[in-house]
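Undergrad: Quick one: this structure, given as structure tokens, is what I'll be asking you about.
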Amino acid sequence: MIKKSIILPAVICLLILVIIAMNTVYSVPTYAPPKEVIWTKPESKIGIAHTEIFGMLERPQVIFDHKKHAEALVKEGKKEWETCNACHPVDEGNALIFDFPKKVVKKEKDSVMNAYHDQCISCHKEKVQEGKKSGPVICADCHKEDHKNVKVKYPVAEFDFAHHDKHVKNKKLKEDCSLCHHTYDAEEPDETLRLVYEQGTEESCYYCHDTEKKRGPELAPIVRVTAKKGLTIRKASHLQCLNCHVEFAKKAKKDEKAGPVECSKCHTGEYKTISELAKVPQPDRNQPEKTLIDIENARMKGVGFNHSSHEKYNRTCRGCHHETLKACKECHGITGTPEGNMVNVADAYHNVVSEHSCSGCHGIKKSEKECAGCHHNIAPVDIETMNPKKETCARCHTGKKERIPILPLSVAGLDPEKVKKEVTVKILENEFEPSKFPHLDIIKKLVKISNDSKLATYFHTKMQTICDGCHHRSKAEAEAKKDTPPFCRNCHPVAYDPEKLNKTKLLSAYHRQCLGCHEMMDLEKGRKCSECHKEKKEPKSITSIKNFELPTRLLEKFGWTPVTN
Amino acid sequence: MDRRTFLKTIGVGLAGAAGGTLLTPHPSKAQVVFDGMEFSGILVDTTRCIGCRRCEKACAEVNNLPVPNISETANEAVFKKMRKTTDIQYTVTNLYETEKGNFFVPWRCMHCNQPGCRSACLVYAMQKRTTGHVTWDTNCMGCRLCMLSCPFDIPKFEYQEAIPRIQKCNLCFGRFNKGKVPGCVEACPTEALMFGTRRKLLEEGKRRIAQNPGKYVHHIYGEYEVGGTSHLYLSAVPFQQIGLRTDLGAVAYPVYSLVYLTAIPFIATLTPLFMLGIARAVRMRKEREEKEEKGKEEKEKHK
Amino acid sequence: MSSVNEEIGNVEIKNFREFWSFFRSELKPKGPIFKPFNIISAPVIVIGIGLIIYRLIAGLGATTNLSQEFPWGMWIGFDVIVGVAFAGGGYTLAFIVYILGMDKFRPILRATVLNAFLAYVFYAGAIILDIGRWWNGANAFFGIRYGVSSVMFIVAWHFLLYMLTLGLEFSPAFAEWLGMKRLRKILGAATVGAVIFGVMLSIHHQSGLGALFAMTKGKLHPLWYTEFIPVLFFISSMFAGLCLIIFEGTISHKVFEFQIEEEHHKAYPDIVVGLARISAGIMFAYFFLNIFMVHHDGELVLLGTPMGYWYLTEVIGLVLIPGLMFIHGVQHKNLFIIRVAAVLALIGIVVNRLNCVFIAYKWNLPLAERYYPYWIEVWITLTIIFIEIWVFRWIINRMAVMRKPPEWAAALERH
């Protein structure tokens, strides 16, 4: 039997709880997830989180200052390259394996955690006992709260052609390619002898060590091995490059420089531009300067291809040689083959959405700022285009090794009567004054852009091609014979037709063509309404355009009957 | 009870159930064509919208609402905040910043195939016309259930007026009856807004998606959302990123109240019978008990 | 005080003129005018009537905090929806007495029916204040179109029909007051039919108030939104009504104790305990249904969020705990615990309904955009409540609600 004296206070407490709960509900703040801070210049710091093993972390990740530790060991009197094996294990051949911790542990939570703690904290404790300044031993001093939302992201260290050239020219290396390059012979019974080197087969590390990419039948077994051994591009490059640099540093004399061992010296985040790389000698693999790409039993004439000039447009060979350094037709046959991932040779060269095909790469160039203004509206010609123009195909399929000579375009030949200097658009004036735009100046600018690009000059053979950018359905030769210019309104209707929804009306034809080009070319001018046409002092209403009435025959479809009064 | 009573009870129960079934309202399926007339709608291509707000100005002019200032300086300030439609603005355009760039998205009534607002209206002041327009009429009581029932929160109430109305886009029903396109469609300089039959708009939208595979998300928003709407959107980025809710489901909102509405006739016919039955049973038991009591008393007397 | 215990039905009204003069004579107050309750409520009512006129002229924006985000606020949420839930005692008790034949509760039946009738007249009638275009209020009944797919349509018609039904159920007391014997006989015979019809109507509109939120999916917090809202509202209206009977009965029992007969005084604790027992059963069923719905919709994880805690507060603190208190009070015949539990349950109903209307509705909007009642809304609500209490008191003091009905009427009942 509950006493009266308890009930009332209990009920009052309950009601107070209710009110507090209501207060919480009425002041629920918008919960914003903590913002991730990305350190793009980590300066040799490493984030130790191992979320693949631990999942959601109980304590914040540890930010480990590698440089500090290496310098601390140097201070103790060791040389820089001798400090590595203080923490990192070595293999049978005395090469460093850049794993941590030293002891190999099972990839599960407790063993990994204990291994880290054992190695790190014991070393710290040791140094403290020796009377030196040391690192933390308490949990929160390593697992700092501030580092909870930090993400350490190292910029990719690019081993570009300039670096390669430096290594090639390094007299100490004596042009011994086998120092870095090797392939894997799966059939060799002795496992330790499976890495072999054969001159003339040097290729990029990425072909075998990029474990995330799906490879063809030749590379797939090798990639399986590298993946199993954990030899990702990251691990392989560290093992290969750092060990060599450490070795050199050991043997180097006092003033001689060796390759860097510090993180931020390779992961600089600074990359050379394509034009800078173009000046550097490319790796030599006996590649031809010019070649005729001729396929046996093909329907089209061969294509004259200038390999050396194309080399200068890419950062790496892998832009085109995506699987191996062989020629495209060696894997991609006329019909699809497994080596070519069932892509036939026509598709390999002409696929407009691939990064590796000729048409695809040209398509990527066409989507750059200077070109996109016209080209975003022009459907690329590919093997599915019906009735492509003969001249278009013949531009490449010449049958000769030598390229057709190219001539820059010029406005000199234009008839000033026909090609107006300034054009006034006033067909739809309602709220705005007529729009005047500098027709000839635009043509001149487009011609300059075209002439500045070798690719553009090669394909823009006539001035009419430039005109086609805006006058997209006119036949230039026919237009040249007419008295009136190719007005947009000749094709684009003023009135709205709800039955033909994909036929652009005149108002939007103007705006989408002009604004589309300005947007794709990322121009500063011409993005605001008033820059093209000024507002009228007394504009008519937006909605009084007479032409925008639905034709009666269509209205009847909607069940409309005419309003008589 | 005896067999006759039992059969009578069952018979009455079945009659009640039959009556309930007959009286149940049948959900009207979203018909796109009524007697040869089709729903009209608007297709919004958000990749074409340049944020000029001429649609807002035209809408205000057509509907006698305060005309907004759409000069460039005014627009710059306006796009800093996300706006919703109000009782004086039937359509607003908002700026969304996404990883594929900035997109302007015009907002207005979606003119659903089966509108929640129309189904909620107890006087059918909100009507779905045979031509697809969802319009408001002045027999409205101002109960505002339509505001609660719209998944897009479109109907707006004129709280400040002494004679308040529910305000929302009506797809320019008046202009339509005079043979004109909606004001916003007329004013749009890039044909980001297109007017036509819903069928043709869906075809056009699908054509654009097919012919520009990398450009659009492969879905027209409004094709099945909430049972289909007549106001359709094309987008280059996932629809949540331009403020369109993707968690509304494909079920038309009126279907949710069908659970209740279909139960009404059954309750109306069966519960009175049920209660009569109970009342009768209770009364009979009481009479029986009274008889027994009287019988006992009589026995006592005779003793 | 002596006039309160007069015999009812001494008069015999035969035409409207007699009725009018009788009515005017009855308008005179039957007790002291300057009671504390009158002193507080009278100015509230006077100013309130002024505010009501202001609201009808100036519109909703001037007198409420309603917004485009929150179209429904205190008037619909509290006055109408909570008020109608509280009036659920009318049909529940009528069902218990007339259908299930539990005569134990007959003494409080008339007061409950009167309460329910006045609740519908005043609170459901307060809808007129809340709809923006109140002059079109009759359009649902006589209009150009009937929105038959609308839940609100069903609710509106049922409110009207149920008001009439309750009026019919109470009308025997009215006929007794006027001494119209033949009318009293006819009305008495119609009572059972009216009760059955009324229960059916109540099931419709109590669940209908829940079904109004069926299309708020996505805006009402998932813990409150389920496809079975109508069922939950209906079940909670049953115990809401019974708890209100306990609460309001406590007050009227004290205020009008001189009208009540000795034997009814003695039977009263038993009645309260009986009501508590029934309420507890319904509350446990309701609590179980709530948890079941949450699990069925896969929302158990949401219970860990702030809104989840609020939901648990409502369902455990204001439904389950009062239910347990009822059981305890029933077992130990402790009226105090029962009354406290009834108050908690009523608060729980208020919280539940207001959650659906503006607390858990659009719960994720920032605080600046949320709704809280404006002072005029609260004032007008109080005005209506006070007017209703005044009318209630006027009727109790004149008709046979608490008092014994006249002998000729009791004779009719015995048949």
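Undergrad: Cβ-Cβ under 6 Å, sequence separation 6+ or interchain: first residue in region A:9-28 and at the interface with chain C (Cβ under 7 Å from one of its Cβ atoms), partner part of a helix (DSSP H, G or I) and polar (S, T, N, Q). Which pairs?
TA: The qualifying pairs are A:VAL18/C:THR313; A:ALA21/C:THR313.
Undergrad: May I pose another question? Please work out which one of (1) at the interface with another protein chain (Cβ under 9 Å from one of its Cβ atoms); (2) in contact with a Phe, Trp or Tyr (Cβ under 7 Å, 6 or more places away or on another chain); (3) open to solvent by 10 Å² or more (accessible area, probe 1.4 Å) is the condition C:LYS181 fails and give its number.
TA: (1)
Undergrad: Can you confirm whether region C:138-154 contains a residue that is part of a helix (DSSP H, G or I), of a type outside the set (D, E, K, R) and open to solvent by 50 Å² or more (accessible area, probe 1.4 Å)?
TA: Checked region C:138-154: no residue is part of a helix (DSSP H, G or I), of a type outside the set (D, E, K, R) and open to solvent by 50 Å² or more (accessible area, probe 1.4 Å).
Undergrad: Can you spot a residue in region A:45-58 that is modelled with pLDDT under 75 and either out of contact with any His (no Cβ under 7 Å at 6 or more places or on another chain) or under 30 Å from C:VAL350 (Cβ atoms) (or both)?
TA: no
Undergrad: Shifting gears a bit: Can you list the helices (runs of 4 or more DSSP H) lying wholly within region A:240-317 that have 3 or more residues being charged (D, E, K, R)?
TA: Values: elements: A:243-251, A:263-266, A:274-278, A:307-311.
Fully inside region A:240-317 and qualifying: A:243-251.
Undergrad: Another question, if that's okay. Just need a number here: residues in region B:158-184 that are more than 14 Å from chain C (Cβ to nearest Cβ), in contact with a helix residue (DSSP H, G or I) (Cβ under 8 Å, 6 or more places away or on another chain) and either closer than 15 Å to B:GLN89 by Cα or open to solvent by less than 10 Å² (accessible area, probe 1.4 Å) (or both).
TA: The total comes to 7.
Undergrad: Which of the residues that make up region B:92-108 are open to solvent by less than 40 Å² (accessible area, probe 1.4 Å) and more than 30 Å from the chain's Cα centre (by Cα)?
TA: Of everything in region B:92-108, just one residue is open to solvent by less than 40 Å² (accessible area, probe 1.4 Å) and more than 30 Å from the chain's Cα centre (by Cα), namely B:GLY101.
Undergrad: In addition: Exactly one condition in (1) free of Cβ contacts under 8 Å to residues at least 12 places away in the same chain; (2) more than 20 Å from C:GLY198 (Cβ to Cβ); (3) at the interface with another protein chain (Cβ under 10 Å from one of its Cβ atoms) is false for B:ILE278; which is it?
TA: Going through the list (1) free of Cβ contacts under 8 Å to residues at least 12 places away in the same chain; (2) more than 20 Å from C:GLY198 (Cβ to Cβ); (3) at the interface with another protein chain (Cβ under 10 Å from one of its Cβ atoms), B:ILE278 breaks only (2).
Undergrad: Find the helices (runs of 4 or more DSSP H) located wholly in region A:72-186 whose residues include 1 or more that are at pLDDT 85 or above, under 29 Å from A:GLY269 (Cα atoms) and among the hydrophobic types (A, V, I, L, M, F, W, C), and list them.
TA: Values: elements: A:84-87, A:109-129, A:139-142, A:161-169.
The qualifying helices (runs of 4 or more DSSP H) are A:139-142, A:161-169.
Undergrad: So, one more: Run down C:ALA211, C:ALA194, C:ALA190 and say which single residue is open to solvent by less than 10 Å² (accessible area, probe 1.4 Å), of a type in the set (A, V, I, L, M), assigned to a helix (DSSP H, G or I) and more than 9 Å from every other protein chain (Cβ to nearest Cβ).
TA: Just a single option satisfies the conditions, and that option is C:ALA194.
Undergrad: When you look at C:ILE203, is it within 10 Å of another protein chain (Cβ to nearest Cβ), in contact with a Pro (Cβ under 6 Å, 6 or more places away or on another chain) and within 30 Å of C:LEU412 (Cβ to Cβ), yes or no?
TA: Here the answer is no, as C:ILE203 does not meet what is asked.
Undergrad: Does C:GLY348 satisfy being over 26 Å from C:ASP103 (Cβ atoms), of a type outside the set (Lys, Arg) and not in a helix (DSSP H, G or I)?
TA: no
Undergrad: Say whether the condition of being closer than 26 Å to A:TYR313 by Cα, basic (Lys, Arg) and part of a loop (DSSP other than H, G, I, E, B) is met by at least one residue in region A:478-487.
TA: Taking every residue of region A:478-487 in turn, none turns out to be closer than 26 Å to A:TYR313 by Cα, basic (Lys, Arg) and part of a loop (DSSP other than H, G, I, E, B).
Undergrad: Considering (1) in a helix (DSSP H, G or I); (2) more than 18 Å from the chain's Cα centre (by Cα); (3) in contact (Cβ under 8 Å) with a residue 40 or more places away in the chain; (4) within 24 Å of A:ILE19 (Cα to Cα), say which one C:MET283 fails and leave the rest.
TA: (2)
Undergrad: When region A:187-215 is examined, which residues are found to be touching a Cys at 6+ places or on another chain (Cβ under 9 Å) and modelled with pLDDT under 85?
TA: none
Undergrad: Give me the residue from region B:45-74 that is of a type in the set (Ser, Thr, Tyr) and open to solvent by 30 Å² or more (accessible area, probe 1.4 Å) and, out of that set, nearest to B:GLN89 (Cα to Cα).
TA: Here the residue is B:SER71.
Undergrad: Still on this structure, I have one more. Among what's in region C:317-335 and is surrounded by 19 or more Cβ atoms within 10 Å (Cβ to Cβ) and of a type outside the set (A, V, I, L, M, F, W, C), pick the residue that is modelled with the lowest pLDDT.
TA: By that ranking, first place goes to C:ASN334.
Undergrad: Let me ask another. How many residues are assigned to a loop (DSSP other than H, G, I, E, B), closer than 28 Å to A:PRO155 by Cβ and either touching a Lys or Arg at 6+ places or on another chain (Cβ under 8 Å) or in contact (Cβ under 8 Å) with a residue 40 or more places away in the chain (or both) when one looks only at region A:206-237?
TA: Selection size over region A:206-237: 2.
Undergrad: Same structure again: Every residue in region B:65-91 that is more than 9 Å from every other protein chain (Cβ to nearest Cβ), outside any strand (DSSP E or B) and within 26 Å of the chain's Cα centre (by Cα), please.
TA: The answer is B:LEU65, B:MET82, B:ARG83, B:ILE88, B:TYR90, B:THR91.
Undergrad: I'd like the full set of residues that are crowded, with 23+ Cβ neighbours inside 10 Å and more than 11 Å from chain A (Cβ to nearest Cβ), limited to region C:359-382.
TA: Listed by number, the residues that qualify are C:TYR361, C:GLU377, C:ILE380.
Undergrad: Could you tell me which residue of region B:240-263 is least open to solvent (accessible area, probe 1.4 Å), considering only residues that are without any contact (Cβ under 8 Å) to a residue 60 or more places away in the chain and more than 18 Å from B:CYS112 (Cβ to Cβ)?
TA: B:TYR260
Undergrad: I'd like to verify a number: residues in region B:208-265 that are in a loop (DSSP other than H, G, I, E, B) and within 14 Å of chain C (Cβ to nearest Cβ), how many? Give the steps one after another, and end with the answer.
TA: Kept after step one, since they are in a loop (DSSP other than H, G, I, E, B), are these residues of region B:208-265: B:212-220, B:222-224, B:228, B:230, B:235-238, B:243-253.
When the remaining residues are screened for being within 14 Å of chain C (Cβ to nearest Cβ), the result is B:244-253.
Total meeting the criteria: 10.
Undergrad: Within region C:332-358, how many residues are aliphatic (A, V, I, L, M), more than 10 Å from chain A (Cβ to nearest Cβ) and under 30 Å from C:GLU69 (Cβ atoms)? Break it down stepwise before answering.
TA: Going through region C:332-358, the residues aliphatic (A, V, I, L, M) turn out to be C:335, C:337-338, C:340-347, C:349-351, C:354, C:357.
Next, only the ones that are more than 10 Å from chain A (Cβ to nearest Cβ) stay: C:335, C:338, C:342, C:345-346, C:349-350, C:357.
If we keep only those that are under 30 Å from C:GLU69 (Cβ atoms) as well, we get C:346, C:349-350, C:357.
Going through region C:332-358 one residue at a time, the tally reaches 4.
Undergrad: May I pose another question? Exactly one of these conditions fails for B:VAL185: (1) over 30 Å from B:TYR260 (Cβ atoms); (2) under 19 Å from the mean Cα position of the chain (by Cα). Give me its number.
TA: It is condition (2) that B:VAL185 fails.
Undergrad: A follow-up question, please. When region A:384-407 is examined, which residues are found to be on the phi < 0 side of the Ramachandran plot, part of a loop (DSSP other than H, G, I, E, B) and open to solvent by 90 Å² or more (accessible area, probe 1.4 Å)?
TA: If the condition is that a residue be on the phi < 0 side of the Ramachandran plot, part of a loop (DSSP other than H, G, I, E, B) and open to solvent by 90 Å² or more (accessible area, probe 1.4 Å), then A:GLU384, A:MET386, A:LYS389, A:LYS400, A:LYS401, A:GLU402, A:ARG403, A:PRO405, A:LEU407 are the ones that fit.
Undergrad: Ok, one more. Specify the residue that is farthest from the other protein chains (Cβ to nearest Cβ); the eligible residues are those in region B:137-157 that are within 24 Å of B:VAL251 (Cβ to Cβ) and open to solvent by 20 Å² or more (accessible area, probe 1.4 Å).
TA: Ranking the candidates gives B:PHE152 first.
Undergrad: Still on this structure, I have one more. Of C:ALA124, C:ALA138, C:ALA94, C:ALA58, which residue is without any contact (Cβ under 8 Å) to a residue 60 or more places away in the chain, within 14 Å of chain B (Cβ to nearest Cβ), under 23 Å from C:CYS243 (Cβ atoms) and of a type in the set (A, V, I, L, M, F, W, C)?
TA: Only one candidate qualifies: C:ALA124.
The values are calculated or read from the model by the stated rules, or taken from the named source; none is laboratory data. Remember, predicted model here, so these are calculated numbers, not experimental data. Positions of Cβ are generated from backbone atoms using ideal geometry, with glycine treated the same way; all protein chains shown enter the neighbour counts. In case anyone asks, the SASA skips ligands and DNA or RNA and just uses the protein heavy atoms, side chains included. Shrake-Rupley method; radii C 1.70, N 1.55, O 1.52, S 1.80 Å.
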